[in-house]
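Bear in mind that the values in this text are calculations on the coordinates, not laboratory data. This structure is a prediction, so every number in the text was calculated from the model and none was measured. Cβ coordinates were reconstructed from backbone atoms using ideal geometry, including for glycine residues, and neighbour counts include every protein chain displayed.
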Amino acid sequence: MSIYLDSNATTPLRPEVWEAMGRVEFGPDMIRNPSSTHKAGLAAKRAMRAARERLAGALGAAPEEVLFTGGGSEAINLALKGAVWAAEGARTHVISTQVEHHAGVHALEWLETQGVEATLVPVDPTGRVDPEAVRAAFRPNTGLVSVMYVNNEVGTIQPVEEIGAVCREKGVPFHVDAVQAFGKLPVDVNRVQCDLLSCSAHKLGGPKGVGALYVRKGTALAPLVHGGPQEHHLRAGTENVQGIVGFGEAVRLALEEQEQNWAKWVELREELYRLPKELDAVRCNSHPDLTVPNCVNATFMYCDGMTLSTNLSSKGIYVSTGSACTAGDMNPSHVLTAMGLSDRAAHGAIRFSMNWATTREELTQTVDLTKQLVERLRLITMPEDIGKCGDDCPCYVTG
Ligand SMILES: Cc1ncc(COP(=O)(O)O)c(C=O)c1O
């Protein structure tokens, strides 16, 4: 038996995507290097153009505003470093948040070593950023604002439209990390009023190592990778045609199923909500309304999240302790601590994240086994007064 509930880390490749990628390589149309001017090259160019048009259509963008990259992290790095390097004069201040993915966090940390200044706006206990706090962080030399659309650890949806309006008013480019949003909810670059937006294929049933960066026409950007003229001279290198075609197919499927997946996740999530109802001292870290419903992050007090997830894994159930990128790293999640959780509460957190194929039976089995395991693990660690430790207990929010 295996039950995969780690879909915010990555999703399985959809069979339709696999087939579309196979057709590119092994189908009757010989599809080769899109830069070649012969028939096999032109076929590759056409296949890539179709995928680009599909992505652009999904985002409300023009096809020439979509650049393919080697994944979400690369798109984010290109957006942050490229926009800062291309910024006019001494616009070397960047505004971001305390709950960004490591791709954003570490790109900014590196930029700081190069003399860039960063302000990381805090979040409330639900993980939301206040657009007024973003406004207050502006300085005369602010050259970029970067905020994620949906948080990967708790699923919180940020008020990106309001933040976009503030950036427009200030005339400062706005980058949105939409890696966890794209495919799950409608993402429209004009509604958000962003200038740059990153997404990634493997979060929506596409292949790993393929992403895209939306670059609004007229946005100044310097490349990270120099070489050939691919992707409007902004990302040199022969394109990953198979991966790009797979990305296009994954987008088609995700858009087709978006509403039905959302409704399904809202319904199935109820099964996960049995955990705080049927066990003492469990706190849901994901907000019930302001999140994408495929993800529930919960803290099991008096339980170590890593021990719990390892025990679940030994039974074939795969979940995550915070972001997959931080798994194996014993520091508490920077997202949960920014939301005000104590280190202890953050260490007890587990993220369950569903995809289009998750079933109620899988969740029922997961919840039943999690309950048994938590009760067993707590035999050693549970204090006498465990039942008194409710949702607002200070041990969640203090050391
Ligand atoms: C919010 C967010 N941004 C960026 C990334 C990085 O994307 P990729 O794995 O395609 O590099 C992830 C992946 O977990 C993510 O969840």
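GNM remark for the chain: springs join alpha carbons under 10 Å apart, and the peak mean-square fluctuation among ALA346, ALA118, ALA136 falls on ALA136. Local charge for ASN294 was computed over the other residues whose Cβ lies under 10 Å away, with Lys and Arg +1 and Asp and Glu -1, and equals +3.
Centre-to-centre, using Cα atoms only, the range 211-249 and the range 103-161 are separated by 24 Å.
Counted by Cβ distance under 14 Å from ARG235, the other residues give a net charge of -3, where Lys and Arg count +1 and Asp and Glu count -1.
Would the chain count as rounded, prolate or oblate if I go by the C-alpha gyration tensor, calling it rounded below 1.5 in a/c and otherwise prolate when a/b exceeds b/c, oblate otherwise? Note, shape of the chain comes out oblate. Cβ-Cβ distance of ALA263 and ASN331, R₀ of 35 Å, FRET efficiency by 1/(1 + (r/R0)^6): the value works out to about 0.45.
Restricting the trypsin sites (Lys or Arg not before Pro) of the range 93-200 to loop positions (DSSP other than H, G, I, E, B) with no more than 12 neighbouring Cβ atoms within 10 Å leaves nothing. For an R0 of 22 angstrom, estimate the FRET efficiency from the Cβ-Cβ distance between GLU112 and ALA133 and round to the nearest 0.05. Efficiency, from the Cβ-Cβ distance: 0.65. Taking label positions 7 Å along the Cα-Cβ direction at both MET306 and ALA222, the computed distance is 3.9 nm, reported to one decimal. Axis angle, to the nearest 10 degrees, between helix 102-113 and the longest C-alpha principal axis of the chain: 70 degrees. GNM on the chain, alpha-carbon springs under 10 angstrom: the most fluctuating residue among PRO34, PRO229, PRO12 is PRO229. Among GLY218, GLY71, GLY340, the largest mean-square fluctuation in a Gaussian network model of the chain (Cα springs under 10 Å) belongs to GLY218. Helix 241-272 and the longest principal axis of the Cα set of the chain meet at an angle near 20°.
Here the sum of -39500 (n - 2.57) over DSSP H runs of 4 or more residues, divided by the residues of the chain, equals -13000 deg cm²/dmol at 222 nm, to the nearest 500. Between 0 and 90 degrees, rounded to the nearest ten: what's the tilt of helix 15-26 against the longest Cα principal axis of the chain? Rounded to the nearest ten degrees, it is 30.
Charging the Cβ of each Asp and Glu at -1 and of each Lys and Arg at +1, and nothing else, the dipole of the range 61-236 about its Cα centre rounds to 260 debye.
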